[in-house]
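Following: one structure in structure tokens, then a few remarks.
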Amino acid sequence: MITNLSVKNYALIENINLSLKNGLTVITGETGAGKSIIIDSIDLLLGARASTSIIRTGTTSCVISAEFDISKNNNVKDILSELSIDDADKEIIIRRQIDTSGKSKAYINDIPVSINTLSNIGKYLVDFYAQHKSNMLFEQNYQRQILDDIAGNQTLLEKLSKKYSELESLKNKKEEIEKNNADRERLIDLYNYQIKEITSAGLTPEEEEKIEEELPKLKNAEKIKNITSEMTAILHRNDKSILDGLSTLNKQIDLLEKYGINIENIAKNLNASIASVEEVYSAIETLSAGIDVGPEALDSMMERQQLIKKLKSKYGKTVQEILDYCAELETKLKTLENYEYNLEQIQKQIDISLKEVTDICKQISDKRKKTAKTVSKKIVSELADLNMKNAQFEISFEQADITSHGFDKIEFMFSANKGESLHPLALVASGGEISRVMLALSTTISNNYNVDTIIFDEIDTGTSGMTGEKIGKKLKSLSDNRQIISISHLAQIASSADNHIKIYKEIENGRNVTRAKILDSKERIQEIAKIISGEKITEYAVKHAEEMINSSH
């Protein structure tokens with residue numbers, strides 16, 4: 001709901017700031033005072049097209065802002081979440097500025113947004129019932145949604161959505177199979193060639209790593225061979241090799257022992273050294289024997305490396321990706337080779353799925369049609385109570401293509417006159433008539449109507465007396481669940497209000513300025529008395545105004 005509205009430099013308005021409350025708010029004032037400007041400013045704030053002509057003469061821009069309580073409005077919260085607008089769980093501030101240059105800027109919580117975003121959010125915040133104003137109840141999708149809410153179709157719709165998604169997935173698979181069939185022979189040849197090229201290479205996942213490890217050895221085989229040869233010579237093959245020297249030391253130690261020297265530890269350590277050197281010698285010999293200095297091994301490994309590089313450039317960044325791609329090709333090839341069988345099987349699945357979806361659609365449609373009859377009767381009764389005794393209202397059904405919402409094309413149909421053909425509601429109702437139709441509709445579907453604020457502009461056009469009193473009571477009843485704002489010329493409606501705003505004009509510095517005032521209880525009585533008796537307020541009018549207010553609350 002709207003909790004605060006600020007309008008600056010809009011037409012005759014210089015600066016108006018209004019704190020708004022829940023319940024029924026009535027706006028009154030003389031013709032031409034600017035009542036509709038207030039409503040138009042809210043409409044503009046929520047995405048209506050703007051013109052520089054609305055900017056107050058002598059100023060450079062018009063600014064409209066409003067605070068909205070969205071604590072219970074999950075639709076708005078979802079949109080804001082998608083826009084990554086944080087800190088918007090309870091309240092948001094929407095602001096729009098129109099400059100004389102023609103530029104229009106919009107913000108939600110000081111974050112720039114598009115005008116289209118304002119429209120998307122606005123339809124969940126405020127609904128307008130007035131001539132030339134759009135409202136959600138004119139939209140066929142919203143009409144269908146309301147009917148489903150009343151009919152209790154939520155569980156069936158969830159089931160339909162899941163089954164419809166499965167059906168669409170099957171159709172896409174069939175389409176892919178049929179699409180591939182156009183080039184089936186070409187693709188079979190291509191896939192066979194690619195599979196053969198990959199499989200004939202005999203790749204293993206760890207092969208590339210092994211090549212990277214072994215290739216440097218093969219490239220430097222001769223150098224490695226020379227180094228190991230020198231090492232073995234130093235260790236054993238030379239005349240003065242390390243092992244020969246250690247053997248001589250061992251003999252010298254034996255002589256020391258004969259001369260009574262304790263050489264136990266020395267002999268032990270020397271023998272360990274000889275064993276270690278022999279072990280090193282053996283390892284180097286083995287290493288040297290394993291080095292292939294011939295060019296064939298190197299050439300073979302380099303060719304293998306180039307083959308892997310070629311396959312990677314065509315089929316994947318790694319050997320594993322190449323092997324995975326090959327497995328995928330084999331699956332595709334099998335599908336192509338079994339085209340007729342696969343197509344037959346997928347069509348059987350589609351037929352089964354389509355029957356399931358159609359059955360659910362029929363269940364949903366049956367509940368909609370049953371509910372539609374009850375709703376239509378109720379609305380006709382409400383319209384008769386609002387002095388539209390000849391009005392006709394029906395909800396039409398036309399079977400269309402199946403979607404995730406069913407196969408019904410739903411339209412609210414209306415005629416104000418008996419015997420006349422019914423037409424879509426948005427096309428035939430106008431002026432105050434449209435507001436009364438929407439009031440009847442809103443009253444009927446009140447518990448299933450997910451908009452926080454409803455604005456009725458001139459709902460009392462062409463009515464008076466008892467009809468006006470009934471309109472006032474219905475507006476009052478409707479405001480139990482949401483914020484209702486209504487422009488009115490009737491005392492019967494004004495007396496039903498929880499909040500009363502008076503719009504009036506003053507002359508300031510030789511210019512007309514529109515003002516707005518929230519009336520207290522005494523001021524309300526005077527304003528309603530003025531509506532009853534005109535400029536000259538009589539005692540009778542004051543007393544009558546008091547009685548009307550008391551009887552309405």
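Structure above, values below:
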quantity: FRET efficiency for N17 and S551, using Cβ-Cβ distance with R0 set to 35 Å, rounded to 0.05; calculated: 0.60
quantity: In Å², nearest 10: area of V63 left accessible to a 1.4 Å probe; calculated: 40 Å²
quantity: Accessible area per residue, Å², the stretch 1-91 with all protein chains present, probe 1.4 Å; calculated: 46 Å²
quantity: Heavy-atom accessible surface of the chain: percent carbon and sulfur, 1.4 Å; calculated: 48 percent
quantity: Dipole axis of the chain (+1 Lys, Arg; -1 Asp, Glu on Cβ), positive-most option in S114, I352, Q252; calculated: S114
quantity: Of all DSSP beta bridges in the stretch 425-553, antiparallel share, percent nearest 5; calculated: 60 percent
quantity: Heavy-atom accessible area per residue - the stretch 398-553, 1.4 Å, Å²; calculated: 47 Å²
quantity: Calculated FRET efficiency for the pair D480/I352, C-beta based, R₀ 41 Å, to 0.05; calculated: 0.25
quantity: Within straight-line cross-link reach of K8, lysines at Cα separation under 18 Å, skipping those fewer than 8 residues along the same chain; calculated: K35, K103, K105, K502, K505, K517
quantity: From phi via Karplus (6.51, -1.76, 1.60), per-residue ³J(HN,Hα) for the stretch 151-163 in Hz, x at Gly/Pro; calculated: 6, x, 8, 4, 5, 5, 5, 5, 5, 4, 4, 5, 5
quantity: Net charge contributed by nearby residues that have their C-beta within less than 13 Å of C62 (K/R +1, D/E -1); calculated: +3
quantity: Relative contact order of the chain, defined on C-alpha pairs under 8 angstrom at six or more residues apart (%); calculated: 22 percent
quantity: Set of lysines near K310 by C-alpha distance (under 27 Å), chain-local residues within fewer than 8 positions excluded; calculated: K196, K210, K217, K219, K332, K334
quantity: Alpha carbon centroid spacing (whole Å) that separates the stretch 140-173 from the stretch 299-363; calculated: 32 Å
quantity: Mean Cα-pair separation over length for the stretch 442-553, i.e. relative contact order, pairs under 8 Å, 6 or more apart, %; calculated: 21 percent
quantity: Shape category assigned to the stretch 384-450 from the gyration tensor of Cα positions, a/c cut at 1.5; calculated: oblate
quantity: With all protein chains modelled, accessible area of S165 [1.4 Å, Å²]; calculated: 70 Å²
quantity: Contour minus Cα-Cα distance for E139 and K268 (0.36 nm per residue); calculated: 36.2 nm
quantity: Euclidean distance between Cα centres, the stretch 229-266 to the stretch 20-34, Å; calculated: 117 Å
quantity: Nearest 10 degrees, 0 to 90: helix 184-200 Cα axis against the chain principal axis; calculated: 40 degrees
quantity: Loop trypsin sites (Lys or Arg not before Pro), the stretch 1-76 (other Cβ atoms within 10 Å of the site Cβ: 10 or fewer; DSSP); calculated: R49
quantity: Value of [θ]222 nm, deg cm²/dmol, for the chain, DSSP H segments ≥ 4, -39500 (n - 2.57) each, nearest 500; calculated: -18500 deg cm²/dmol
quantity: Estimated FRET transfer efficiency when R0 is 60 angstrom, pair T199-L249 (beta carbons, to 0.05); calculated: 0.45
quantity: Calculated from backbone phi, Karplus (6.51, -1.76, 1.60) coupling profile of the stretch 315-328 in Hz, x at Gly/Pro; calculated: 10, x, 7, 10, 4, 5, 5, 5, 5, 5, 5, 4, 5, 5
quantity: Projected label distance in nm at N390 and K317, using a 7 Å step from Cα toward the beta-carbon; calculated: 7.7 nm
quantity: Other-chain or far-sequence residues with amide H under 5 Å of N4's (modelled H); calculated: L20, E67
quantity: Angle between the chain longest axis and helix 339-385 axis [Cα atoms, degrees, rounded to 10]; calculated: 20 degrees
quantity: Stretch gain in nm, segment H423-A275, where the contour uses 0.36 nm per residue and the Cα spacing is subtracted; calculated: 42.4 nm
quantity: Integer Hz, Karplus 6.51/-1.76/1.60 couplings in order for the stretch 9-17, x for Gly and Pro; calculated: 6, 10, 6, 7, 7, 8, 7, 10, 9
quantity: Accessible area of M231 in the full protein assembly, 1.4 Å probe (Å², nearest 10); calculated: 80 Å²
quantity: Potential lengthening between K473 and D498 on full extension [0.36 nm per residue; Cα-Cα distance subtracted]; calculated: 7.8 nm
quantity: Cleavage-rule hits (GluC sites (Glu not before Pro)) in the stretch 143-209: DSSP loop, at most 11 neighbouring Cβ within 10 angstrom; calculated: E206
quantity: Accessible surface, the stretch 264-394, averaged per residue in Å² (probe 1.4 Å); calculated: 63 Å²
quantity: Percent of beta bridges antiparallel (DSSP, the chain, rounded to nearest 5); calculated: 75 percent
quantity: Long-range HN-HN contacts of D408 with modeled amide H, under 5 Å; calculated: A400
quantity: Two-site label geometry, S165 and E257: point separation in nm, points 7 Å out along Cα→Cβ; calculated: 8.8 nm
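The values are calculated or read from the model by the stated rules, or taken from the named source; none is laboratory data. Keep in mind that what you see is a predicted model, and the values were worked out from it rather than measured. So basically every Cβ, Gly included, is an ideal-geometry build from the backbone, and we count neighbours across all protein chains shown. We work out accessible area using only protein heavy atoms, side chains counted, and drop any ligands, DNA or RNA first. Shrake-Rupley method; radii C 1.70, N 1.55, O 1.52, S 1.80 Å.
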